[in-house]
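Trainee: Okay, here's the structure, questions in a sec.
The values are calculated or read from the model by the stated rules, or taken from the named source; none is laboratory data. No experiment lies behind these values; they were computed from the predicted model shown. Every residue, glycine among them, receives a Cβ derived from its backbone with ideal geometry; neighbour counts consider all protein chains shown.
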Amino acid sequence: MALFGMTAGQWRDTNHDKKGNIRDYANVSQLVCLSNLENLNALFINEGISQPERLAKLNKIAIQQMRLLIDDSGVKKLEGGK
């Protein structure tokens with residue numbers, strides 16, 4: 001939700017023509033960010049942060065990380081860019 005703006009179930013409901021799940025269609029930057037968000041979410045749960053507050057924090061972090069990753073030349077090379 002924090003990264004893609006929808007749950008996996010919502011994605012499946014709107015993408016009947018696609019096989020697999022939302023991760024199968026994510027780019028390298030999104031997958032890196034998603035991995036980071038999953039780790040942070042576990043930390044926030046351990047700290048007792050409520051679900052709405054975790055979602056808000058994770059969304060803010062996702063935006064920051066995606067901005068950084070999109071501009072990263074190493075990530076661009078992984079994705080086949082220059």
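Trainee: Suppose the filter is part of a helix (DSSP H, G or I) and at pLDDT 95 or above; does Leu68 pass it?
Mentor: no
Trainee: So Leu37 fits all but one of (1) in contact (Cβ under 8 Å) with a residue 24 or more places away in the chain; (2) under 22 Å from Gly80 (Cβ atoms); (3) of a type outside the set (Asp, Glu); what number is the exception?
Mentor: For Leu37, the failing item is (2).
Trainee: Going through segment 40-57 one residue at a time, which ones are without any contact (Cβ under 8 Å) to a residue 12 or more places away in the chain and either loosely packed, with under 10 Cβ neighbours inside 10 Å or basic (Lys, Arg) (or both)?
Mentor: Asn46, Glu47, Gly48, Pro52
Trainee: Of all residues in segment 1-38, count the ones that are within 19 Å of Arg67 (Cα to Cα) and polar (S, T, N, Q).
Mentor: Final tally of qualifying residues: 5.
Trainee: Let me ask something additional. Listed residues Asp17, Asp24, Asp13; which is under 21 Å from Gly80 (Cβ atoms), loosely packed, with under 12 Cβ neighbours inside 10 Å and more than 9 Å from the chain's Cα centre (by Cα)?
Mentor: After ruling out the rest, the residue left standing is Asp24.
Trainee: Here are Lys57, Lys18: which of them is basic (Lys, Arg) and modelled with pLDDT of 95 or more?
Mentor: Lys57
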